[in-house]
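Student: The structure follows.
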Amino acid sequence: MGDPMAHEIRRFDVLDSTNDYCFRAQEELRSGSVVMASYQSQGKGTQGRKWSSDRDENLLFSLLYKDEHFISSPLFSHRIALAIVFALREYDLAPQIKWPNDILVDHRKIAGILIETSGRTCVVGIGINVNQTKFPQDLRMPATSLIQQAGQRHEPLALLLKVLDAMDEVLTLDDETLLVNYKAVLYQLGLPCVVKQKEGTVVATVTDIDYDGSLIATDTDRNKIKIHSKAMIDIE
């Protein structure tokens, strides 16, 4: 890839959803545009879940891409996740990727990704917990934040710029280099999981990641199994 993409940044106090705004304004937004909000009244997570965030405390933004060749790659979401890892490392953290779309620090979720497409437009929604210290008790997995891990408050905009720089970097990586870096921070690597198959369920151990973005696991008979997101249940 050539030079880093230009990122026009639009900042809002309140939006319903940064992803939804990007789709509404896609005709006027150019590829690489960033929409950032201090608060989302209808923030979205994966699988129809709500993304909850306190006002003015966290980094909530969406990236809009139009007609970019890389958005059709099966490893596009993996690049997004790795960019967040690279950015958080600059705060002396050791983040991991919980495949397919969560970023963890100390076994707790610090960031999430929601990628939505419509026609030739792709919107990448990212939420990173920055200065929030209290989280709902009914979350699917425990949450953490940058302030809890690094011990001091940070400016969300400064983190956004680090993520964008990292994004420009990971989009230049060849697939092999990407997967080497991704596997090195894969949370599930070496852990057991339950894989749902037509014949039933089987317990296997995650051993690798494939070029199509799926996980590879090995069962007790040393058979290799390819795992897609809806086929796996983590064993916590």
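The values are calculated or read from the model by the stated rules, or taken from the named source; none is laboratory data. Remember, predicted model here, so these are calculated numbers, not experimental data. Cβ sites come from the backbone with ideal geometry, for glycine too, and all protein chains shown count toward neighbours. SASA here: full protein model, heavy atoms, side chains in, ligands and nucleic acids out. Shrake-Rupley method; radii C 1.70, N 1.55, O 1.52, S 1.80 Å.
Student: Only one of Gln148, Gln132 is more than 30 Å from Ser72 (Cα to Cα) and touching a helix residue (DSSP H, G or I) at 6+ places or on another chain (Cβ under 9 Å). Can you tell me which?
Tutor: From the options Gln148, Gln132, the qualifying one is Gln132.
Student: Can I ask one more? Residues that are under 30 Å from Glu176 (Cα atoms), open to solvent by less than 50 Å² (accessible area, probe 1.4 Å) and part of a loop (DSSP other than H, G, I, E, B): does segment 58-73 have at least one?
Tutor: yes
Student: If you go through segment 198-236 one residue at a time, how many are modelled with pLDDT under 80, exposed (fewer than 12 other Cβ atoms within 10 Å of the Cβ) and acidic (Asp, Glu)?
Tutor: Looking only at that region, the number is 2.
Student: Separate question: State which residue is farthest from the chain's Cα centre (by Cα) when the search covers only segment 155-197 and only residues that are surrounded by fewer than 15 Cβ atoms within 10 Å (Cβ to Cβ) and of a type in the set (Gly, Ala, Ser).
Tutor: Gly190
Student: Of everything in segment 138-151, what is closer than 23 Å to Met36 by Cα, modelled with pLDDT under 95 and in a loop (DSSP other than H, G, I, E, B)? Give them in sequence order.
Tutor: If the condition is that a residue be closer than 23 Å to Met36 by Cα, modelled with pLDDT under 95 and in a loop (DSSP other than H, G, I, E, B), then no residue fits.
Student: Counting just the residues of segment 74-99 that are open to solvent by 30 Å² or more (accessible area, probe 1.4 Å), part of a helix (DSSP H, G or I) and not polar (S, T, N, Q), which one comes out nearest to Ile115 (Cα to Cα)?
Tutor: This residue is Phe86.
Student: Suppose we filter Thr218, Thr201, Thr133, Thr207 for residues that are in contact with a Gly (Cβ under 8 Å, 6 or more places away or on another chain) and free of Cβ contacts under 8 Å to residues at least 40 places away in the same chain; which single one remains?
Tutor: Within the list Thr218, Thr201, Thr133, Thr207, the selection yields Thr207.
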